[in-house]
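Working notes for the structure below.
Bear in mind that the values in this text are calculations on the coordinates, not laboratory data. Small disclaimer: the values here were computed from a predicted structure and weren't measured. Ideal geometry is used to build each Cβ from the backbone, glycine not excepted, and the neighbour counts take in all protein chains shown.
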Amino acid sequence: MLAGPTLTGMPVSRKRKPRKNKRKKDRRQRPAVGPSPFESTSDADASTLATLPGVLEALGREGRRREERRRSLATSAAAELITELADITPDIDDAELADELCRRCGEHLATWADGPSDSDVSPDGFIVAVVQVACARVEEALAESTAADGWQGPWRILAAVAGIVPSWLGEPVDDAVRQLREHPGGQHLPALPKGPRVTGEVVWTRDAYGSRFGIAAPVSTPQRPNRWYLWDVDACGFRPFTVHSAYYPTAEAALSAWRAGVGDVAGGGSSFSPVDDPGLLAELLPTHEGIFRTGCENGEQFAEYHRARRLAEAVMRGLRRGRATTPVDPEAEAPTEFLRWLETQRGDLHPDADELVRELVESWQIEVPAALFYCCSPHRMACAVLHIRNYYQDDFAAELIELLPDWMRWLATRSGLSPELVERCQPYATGHVHPDVGDDDTKPRYLARVVE
């Protein structure tokens, strides 16, 4: 599939227990985004839409049209990309070729993401198109003459893709290479270079709020030994998001880049240490997003989309897996404990305090690792406000947001957050708009690299 839906609205709760319908917003009343799939339907076709089969048929036609549009865009761009890269392959080594491939893929994907929905080619869809076009170019060159070297450029590009893509895209690449070796002259194709390897201890650091992580690992490829790859992971949205990832020459350079992205207040005193919780690490590193993509990626994030996940898989293969260190289920105990604390602060509670608190807890903890439940930051508060305003009817949302300042103070008692950092959270707990998150409650910028 060349494109999947992007997740730009409400995240889906991992526990969909029944709720009072009067509390939730009727999302069917929201204005449609983009053209209707039926806008181009002729008068002659309009009558068929009155029946369910007619509606399904029209949806199918529109889906096929969009898919064909995306496939055409991906194939055309892949052909252009391979032509350009093949011209420069004699002048660069394999590591430089991989970096350039990632960069140019990111540029194409960012351009499509900013365009209409039927032009939004997915990262997986585009890289598969690159594989298909590269294979076709190698076959063409082999058919012309086994002695000619026209196959070398596209073959090296295919090898670069093989070293970048994560496991779920390995089969298309392996199949393509196997077919090429069965082609007349293909038996002379060289072996693919060995993929990236984690060659040393994986380290991490954490910001002062506890919800932002820098994870780094020494990675070797055949022509670039021991570069350090950095994942800057922000757990302030409804789940952890890798907001920046890239190679750096040293661990010190990676740490400096992470600190710059986090800011002096939150990250100034940080340092790397060995990973001591592989279970939590597994919950933080990027994985396959399935048919839903977060959306709002920029060109640099698209450029590292596949490589960040491929190297995350390599990291986890080298670590002994375990569960994240969380002695109890904080989501289960939080409603009772917060209500007890709230009663000591306020005395008389709202008649619906129990329901309000339970909804607040579910909205706070959707897919964030349980070990990070008590973490609180300006960014996390702002994301929580946007989610609440988008998910609940206005009156109920206002009641939940009214609880947030107390919720923030209670979290601080559990996490040990300093009074200075609590004070920085205060404006966003009362609904102030965070400049990096935005004020559109249907499109929070989860992938923003927020300086706290």
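For segment 190-254 versus segment 388-452, the spacing of their alpha-carbon centroids is 29 Å.
Computed about the Cα centre, the dipole magnitude for segment 46-188 is approximately 640 debye when only Lys and Arg (+1) and Asp and Glu (-1) carry charge, each at its Cβ. Taking the 0 to 90 degree range and rounding to the nearest ten, how far is the long axis of helix 94-113 tilted relative to the main principal axis of the chain, both from C-alpha atoms? For 94-113 against the chain, the angle is about 60 degrees. Using the Cα gyration tensor of segment 197-317, with a ≥ b ≥ c the square roots of its eigenvalues, what is the shape: rounded (a/c below 1.5), prolate (a/b larger than b/c) or oblate (neither)? It comes out rounded by the Cα gyration axes. How would segment 315-452 be classified by its alpha-carbon gyration tensor: rounded, prolate or oblate, with rounded meaning a/c under 1.5 and the a/b versus b/c comparison settling the rest? Oblate, because a/c is 1.5 or more while a/b does not exceed b/c.
Which one, Gln393, Pro116, Leu97, projects farthest toward the positive side of the charge dipole computed for the chain from Cβ point charges (K/R +1, D/E -1)? After comparing all options, I get Gln393. Protection proxy ranking of 224-230, 153-159, by the mean of other Cβ atoms within 10 Å over each peptide's residues and highest first, is 153-159, 224-230. Positive end of the dipole of segment 46-188 (Cβ unit charges, origin at the Cα centre): among Ala176, Trp155, Thr51, the Cα lying farthest that way belongs to Thr51.
Based on the reciprocal of the average 1/r between different C-alpha atoms, the Kirkwood radius for segment 239-371 equals 18.2 Å. Between helix 123-144 and the chain there is an angle of about 10 degrees, using the helix long axis and the longest principal axis of the Cα atoms. Rounded to the nearest 10 degrees, the inclination of helix 251-262 to the longest alpha-carbon principal axis of the chain is 50 degrees. Note on Asp354 and Arg317: the model spin-label points, each 7 Å out from Cα along the C-beta direction, lie 5.2 nm apart. FRET efficiency for the Asp175 to Ala253 pair, using the beta carbon distance and R₀ = 25 Å, is estimated at 0.05.
If only the Cβ of Lys and Arg carry +1 and only the Cβ of Asp and Glu carry -1, the dipole of the chain around its Cα centre is close to 1040 debye. For the chain, the 222 nm mean residue ellipticity estimated from helices alone, with every DSSP H stretch of n ≥ 4 adding -39500 (n - 2.57) and the total spread over all residues, rounds to -16000 deg cm²/dmol.
Stretching Glu367 away from Arg197 to a fully extended chain increases their span by 58.3 nm, per 0.36 nm per residue minus the current alpha-carbon distance.
For a test of the definition: using alpha carbon positions, the gyration tensor, and the 1.5 limit on a/c, classify segment 377-447 as rounded, prolate or oblate. Since a/c reaches 1.5 but b/c is at least a/b, the shape of segment 377-447 is classed as oblate.
Ranked by the mean number of other Cβ atoms within 10 Å per residue, highest first, peptides 377-384, 431-438 order as 377-384, 431-438.
If you count, for each residue, the other Cβ atoms within 10 Å and average over each peptide, how do 394-401, 97-104 line up from highest to lowest?
The peptides rank, most packed first, as 97-104, 394-401.
With all pairs of different C-alpha atoms in the average, the Kirkwood value for the hydrodynamic radius of the chain is 24.4 Å.
Averaging the sequence gap over all C-alpha pairs within less than 8 Å and six or more residues apart, then dividing by the number of residues, gives the chain a relative contact order of 18 percent.
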